[in-house]
Amino acid sequence: MGAWGYLPFENDAALDWLEDLEADGADAVRQALAKAGDRYVEASEGALALAAAEVAAATQGNPLGNLPEGVADWVSAHGPEITAEDVEMALDAVERVAGDRSELAELWDGAAEPGWRESVADLAGRLRLALE
């Protein structure tokens with residue numbers, strides 16, 4: 001059965017990406033954030049970027065309340081590998097995923113689920129806080 005919810009780790013793409021995080025560490029975070037580039041962001045790429053941004057926020061002491069166990073463990077062990085530059089990249093990625101050139105934003109706006117926009121705004125706020 002697939003997983004689909006509006007929080008960053010409530011979808012199959014993000015849950016599958018956790019294997020990449022374990023295997024590739026901070027590089028997996030950077031690669032997922034880079035996928036939300038300056039072009040139209042596909043839904044799966046947006047989901048990965050949000051999950052990676054959530055990891056970046058958690059490494060800065062601003063985690064989502066309910067991180068998957070593997071993510072919390074990774075953050076504890078490898079958090080210092082995520083730099084301020086990575087956090088800036090995460091904020092840029094979140095803003096692109098929430099923007100008008102994003103399939104994920106189109107899907108959630110079409111579903112009339114305000115929780116997605118609220119969760120993305122919360123994540124962006126936690127990343128901004130880390131950059132202060």
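Quick notes on this one:
- For the pair the stretch 10-50 and the stretch 78-132, the centres of their Cα atoms are 12 angstrom apart.
- What you get for the stretch 76-120, charging only the Cβ of Lys and Arg (+1) and of Asp and Glu (-1), is a dipole of about 100 debye around the Cα centre.
- Apportionment of accessible area to carbon and sulfur, the chain, percent (1.4 Å): 49 percent
- Cβ-placed point charges (K, R +1; D, E -1), dipole of the chain about Cα centre in debye, nearest 20: 300 debye
- In the stretch 22-116, the trypsin sites (Lys or Arg not before Pro) that fall in loop regions by DSSP, at most 10 other Cβ within 10 Å: Arg39
- Within-15-Å neighbourhood charge of Asn62 [Cβ basis; K, R +1; D, E -1]: -3
- Annotation note: GluC sites (Glu not before Pro) in the stretch 1-107 located in DSSP loop regions with a Cβ neighbour count of at most 13 within 10 Å are absent.
- Rolling a 1.4 Å probe over the heavy atoms of the protein chains gives the stretch 57-132 an accessible area of 53 Å² per residue.
The values are calculated or read from the model by the stated rules, or taken from the named source; none is laboratory data. Bear in mind the structure is a predicted one, so any value in this text is a computation, not a measurement. No Cβ is skipped: glycine too gets one built from the backbone with ideal geometry, and neighbour counts run over all protein chains shown. Just the protein is used for accessible areas: all its heavy atoms, side chains included, with ligands, DNA and RNA removed. Shrake-Rupley method; radii C 1.70, N 1.55, O 1.52, S 1.80 Å.
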